[in-house]
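Just below is one structure, and these are the notes that go with it.
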Amino acid sequence: MTYTSIIVTRLDTENGKGFAIIQLNRPEVLNALNIQLMEELADALESLDKDNAVRVTIITGNDKAFAAGADIKEMSDASAVEMLIRDQFARWDRIRRIKKPLIAAVSGFALGGGCELSMACDIIVASETARFGQPEINIGVMPGAGGTQRLTRAVGKAKAMEMVLSGKMITAEEAMDCGLVNKVVPVEYVLEESKTIAREIASKPPIAVRLAKESILKAFDTTIEAGLEYERKNFYLLFASEDQKEGMKAFVEKRNAEWKGR
């Protein structure tokens, strides 16, 4: 697939511990998330998920905007039936099923769908200029790509209610204080900090990373009992991997492990 709305760059793939950067590339509309961009993004993420040389993916925008929301022009005149037939959020479901870790590197506006996309990632690194919000209420609708669910889980009921019902934006520091983002850094360092985290995760055993991500996400849609059972089964499953044997042997022998991803 030829991409026109995103730019994909692969780094460090020669050492087998690579990562990728996907830059949203519609600067003229502050990276508004139209259907084409979302299709390209889902396709690229699925392709990278199958690439053994890539272990982590960073999603970023530009200094002005990570993504300022959905492309309202595409849906302003649509009927409920048209939205249903269009299956507006099918591409979001594809992104949700990505197995490898996703890092959002956010500067500027992350509003509406942009905020939801950052929350669909596993780690968020924000610059000091980042602004997060779910302003859909101001155009007569509400979040539809996970905003009411992921935001509530990240910041709690009270803050989510305030943000969604008022459409209020919060700063990067506020987002940090309420647990929405992992780190806040100067704008010139947001991508470099994201690369540092990506390289660190990429240096770990990939099967264990994948199953650990799955287990953490399972905590959000199951009971504690079912979640513990899921965690335990994934823990046991890792004892069938070569990496588990290598990791424990290397620990005993006081040397660095060589991960093979199998």
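The values are calculated or read from the model by the stated rules, or taken from the named source; none is laboratory data. In this text the structure is predicted, and so the values were computed from the model without any measurement. The area values use the complete protein model at the heavy-atom level, side chains included, leaving out ligands, DNA and RNA. Shrake-Rupley method; radii C 1.70, N 1.55, O 1.52, S 1.80 Å.
Residue-wise HN-Hα couplings along the range 148-163, as the Karplus relation 6.51 cos²θ - 1.76 cosθ + 1.60 with θ = phi - 60° gives them from phi, are 6, 8, 5, 5, 4, 5, 7, 10, x, 4, 4, 5, 4, 4, 4, 5 Hz; Gly and Pro carry x.
Applying D = kT/(6 pi eta Rh) to the range 9-136, where Rh is the Kirkwood radius over alpha-carbon pairs, T corresponds to 20 °C and eta to 1.002 mPa s, the Stokes-Einstein value obtained is 143 µm²/s. Looking at the chain, the accessible area is 53 square angstrom per residue; that uses a 1.4 Å probe and ignores ligands, DNA and RNA. Surface composition of the chain: carbon and sulfur make up 56 percent of the accessible area, probe 1.4 Å. The lysines within cross-link reach of K50, meaning a Cα-to-Cα straight distance under 17 Å and a gap of 8 or more places when in the same chain, are K17, K99, K100, K213, K260.
Please compute the Kirkwood hydrodynamic radius over the chain, one decimal place, Å, based on all pairs of different Cα atoms.
On the way: mean 1/r = 0.0518 Å⁻¹.
Computed over the chain, the radius equals 19.3 Å.
Across the range 148-243, Cα pairs under 8 Å and at least six residues apart give a relative contact order of 17 percent.
So what is the 222 nm mean residue ellipticity for the chain from helices alone, if each DSSP H run of at least 4 adds -39500 (n - 2.57) and you divide by all residues, rounding to the nearest 500 deg cm²/dmol?
Values: 11 runs with 113 residues, N = 262.
Counting only the DSSP helices, I get -13000 deg cm²/dmol.
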